[in-house]
Every structure is written in C-alpha cells, then in structure tokens.
Amino acid sequence: FGNDYLAVSDVLDPLHYQAVSSEFKLNTGTNDRTVAIYPFNSTTLIVFKERSILAVENLYGDLSTVRLTEVTREFGCVAPNSISATGSDIIFLSQRGVISLRQTESGISQSVILPLSDAIQPLINEIDESKHRAACGAYFANRYILSVPVENGDGTNQRTFTFNFLNQAWEGYWDGALLLPRYFERLVVAK
C-alpha cells in the first residue's frame with residue numbers, strides 16, 4: 001500500500017495483518033512508485049518499482065529475519081502485465097527493453113547486464129512510452145510472448161514479439177489490428 005509499504009497478512013485472511021511486525025517500508029527516501037509484486041521462489045518476493053527493483057527475502061516463519069535487498073537502481077518495470085516466470089527466471093519489460101532476472105546458486109537475484117531484447121532493440125525503441133503500461137506478456141511452450149503499443153498507434157497492443165528459449169532467439173513479431181491482446185491467460189479447455 002502507498003508508494004513504499006508492504007504488509008504481510010495473516011494466513012488465509014488478506015484483510016488483516018499486524019501493523020508493527022508485519023509491515024515493511026521499502027526504499028526509504030525515494031519517490032519511486034511500486035508497480036508490481038511477484039513471487040521469485042518459495043521465500044522471496046520481487047518488488048518492481050518504476051525505476052528500481054527490490055527483493056524481499058526470507059519470507060517464512062518468523063518475519064523478524066526478513067531482509068530487503070536492492071537488486072538494481074538502473075531500471076524498473078514499466079508494464080506490470082509483462083511480468084512472467086520462466087522457471088528460475090522472471091522476464092519483464094523495462095525502460096531498457098526486455099529484461100531477465102535470474103536466481104544465482106546462492107539464492108540472490110541479480111540482473112542481466114545486457115537486455116534480452118538487445119537483438120531487436122530498434123523494434124523495442126518503437127514502443128509508445130506514453131502507453132507502455134498497457135503492454136502484456138506471458139510464458140507458454142518455451143516462449144515469451146510480449147504485446148506492446150507502438151508509436152503513432154491507437155494505444156492498443158498492436159505488435160506482438162516472441163522469444164524462443166530453446167533457440168535463445170527472437171522468432172519475429174506480428175503487427176496489425178487482427179491481434180490486439182490486453183492480457184494473456186492460460187486456460188485448460190478440455191482434457
């Protein structure tokens with residue numbers, strides 16, 4: 001809640017929490033707004049802010065051991081619906097392009113220096129920055145699918161990119177008014 005507060009509720013009761021022992025202040029002294037919170041592993045939450053990324057670690061049992069770690073101040077998340085888990089990685093759209101956060105062997109998250117989208121950066125630069133919050137992404141069949149609004153567009157997600165994790169390469173993109181996703185959701189239709 002607010003720009004800088006995170007509250008941990010009681011089990012199976014999301015409306016109640018202990019105000020002193022279950023409330024955390026994130027990034028004191030900055031006016032960086034929280035965009036999204038996403039689980040990283042069984043004991044870590046990633047807090048995506050507009051211009052930074054934080055990790056709340058050791059979230060289990062007694063919350064007195066919880067530790068707040070700054071992952072980076074170089075970039076943040078610009079589109080909360082672009083965040084997607086791909087096994088031990090989290091992929092999302094940032095100011096620099098498509099970024100992957102990875103878990104190291106010691107359990108601490110770190111940012112990849114080179115954006116995943118470096119090979120298609122001229123196309124990423126065509127994303128409408130005033131509407132990038134509408135972008136959405138999903139992981140399916142070893143692929144990250146990202147839909148974004150483009151400059152001189154109508155504000156809808158008119159371009160959809162696909163990154164293949166098996167080939168470690170971008171497969172191309174769809175462009176036009178026939179595919180305008182707002183969200184991606186996985187559904188089981190029939191078995």
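For segment 146-185, the alpha-carbon radius of gyration amounts to 1.24 times the rule-of-thumb value 2.2 N^0.38 Å expected for a compact globular protein.
Per-residue extension of 0.36 nm, minus the Cα-Cα distance of Glu74 and Arg186, leaves a gain of 37.1 nm for this segment.
State the antiparallel share, in %, of DSSP beta bridges confined to segment 1-91, rounding to the nearest 5. Roughly 100 percent of the DSSP beta bridges within segment 1-91 come out antiparallel. In this Cβ point-charge picture (+1 for Lys and Arg, -1 for Asp and Glu), the chain has a dipole of about 200 debye about its Cα centre.
Projecting label points 7 angstrom from Cα along Cα→Cβ for Glu151 and Arg133 puts them 2.1 nm apart. Rounded to the nearest 20, the Cβ-based charge dipole of segment 86-191 about its Cα centre (Lys and Arg +1, Asp and Glu -1) stands at 380 debye.
Per residue, the convex hull spanned by the Cα atoms of segment 85-191 measures out at 128 cubic angstrom. Considering only Ser82, Leu180, Tyr60, and ranking their Cα positions along the charge dipole of the chain that arises from unit charges at the beta-carbon of Lys, Arg, Asp and Glu, the one farthest toward the positive end is Leu180.
Using Cα-only point scatterers and the Debye equation, what is log10 of I(q)/I(0) for the chain at each q in 0.15, 0.17 Å⁻¹, rounded to two decimals? With one equal scatterer per Cα and no solvent, log10 I(q)/I(0) is -0.94, -1.14. Counting only protein heavy atoms and a probe of 1.4 Å, the accessible surface of the chain is 52% carbon and sulfur.
The values are calculated or read from the model by the stated rules, or taken from the named source; none is laboratory data. Not measured: the values here are computed from a predicted model. Neighbour counts are summed over all protein chains in view; Cβ atoms, including those assigned to glycine, are modelled from backbone coordinates with ideal geometry. Calculation scope for accessible area: heavy atoms of the full protein, side chains included, ligands and nucleic acids excluded. Shrake-Rupley method; radii C 1.70, N 1.55, O 1.52, S 1.80 Å.
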